[in-house]
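The values are calculated or read from the model by the stated rules, or taken from the named source; none is laboratory data. All of these numbers come straight from a predicted model, not from anything done at the bench. Glycine also receives a Cβ, built like all others from the backbone with ideal geometry; neighbour counts cover every protein chain displayed.
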Amino acid sequence: MSQKNDYEYRVATPAEGYAFLRLVVSHIGDAEAARSLPDEPAFFYLGHEQWCGEAAVATHHGVTVGVATLFFDGLMRRGPPTLATLYVLPEHRSAGIGSRLLRMALERFAARGRTPVRVDAATEAMHRRLEELPPDLRGQVKETASYRWGDLRLDWESDLRP
């Protein structure tokens with residue numbers, strides 16, 4: 001793991017975001033899905049178009065190691081503002097990258113007046129990150145979660161405003 005000051009955080013170009021998406025899809029074990037993604041950087045295409053307004057990235061010595069995708073007008077340009085992806089490569093986890101990307105994303109949503117932000121807390125780590133946000137940022141989040149056990153699907157939503 002590298003030191004925290006070895007990372008750069010910034011808004012990604014569409015080509016960078018798309019290249020990282022391919023890496024994530026192949027990294028989570030779906031090499032076939034990664035190969036089936038279109039060659040052009042349509043900016044986050046997974047089975048159907050999901051146009052991403054922006055992506056925040058963390059880079060380490062010029063290599064993208066984390067991403068947060070910001071959908072200012074909701075997924076597929078419908079619905080509430082949504083933070084759809086927050087992913088850090090396993091070898092760079094526990095360095096505060098995900099928390100920093102989350103804060104950066106929420107600040108960019110707020111700067112555009114696009115709050116509250118829907119955030120899917122599908123993992124315990126994400127739920128913990130949301131709970132650890134300062135009150136001003138936590139108040140901008142509408143936490144959702146969706147879990148599936150066989151035929152049973154459980155969805156819920158909570159407002160994190162104090």
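If you go through region 111-147, how many residues are on the phi < 0 side of the Ramachandran plot and not in a strand (DSSP E or B)?
Residues in region 111-147 being on the phi < 0 side of the Ramachandran plot and not in a strand (DSSP E or B): 25 in total.
With the requirement that a residue be modelled with pLDDT of 80 or more and of a type in the set (Gly, Ala, Ser), what does region 130-158 give you?
Correct list: Gly139 only.
Mind counting the residues in region 55-110 that are of a type in the set (A, V, I, L, M, F, W, C) and assigned to a strand (DSSP E or B)?
Number of matching residues: 14.
Applying the selection to region 90-107, what residues are out of contact with any helix residue (DSSP H, G or I) (no Cβ under 7 Å at 6 or more places or on another chain) and more than 19 Å from Pro135 (Cβ to Cβ)?
Once the filter is applied, which keeps residues that are out of contact with any helix residue (DSSP H, G or I) (no Cβ under 7 Å at 6 or more places or on another chain) and more than 19 Å from Pro135 (Cβ to Cβ), region 90-107 yields Pro90, Glu91, His92, Arg93, Ser94, Ile97, Leu101.
Need the failing condition index for Leu83 against (1) touching a helix residue (DSSP H, G or I) at 6+ places or on another chain (Cβ under 8 Å); (2) under 17 Å from Thr59 (Cβ atoms); (3) buried (at least 17 other Cβ atoms within 10 Å of the Cβ), just the number.
Condition (2) is where Leu83 drops out.
Among the listed residues Ser94, Ser36, Ser2, which satisfies the condition of being at pLDDT 70 or above and of a type in the set (S, T, N, Q)?
So the residue among Ser94, Ser36, Ser2 that is at pLDDT 70 or above and of a type in the set (S, T, N, Q) is Ser94.
So which residues in region 102-130 are over 14 Å from the mean Cα position of the chain (by Cα) and touching a residue at least 24 places away in the same chain (Cβ under 8 Å), if there are any at all?
Residues satisfying the conditions are Ala110, Arg112, Arg114, Thr115, Pro116.
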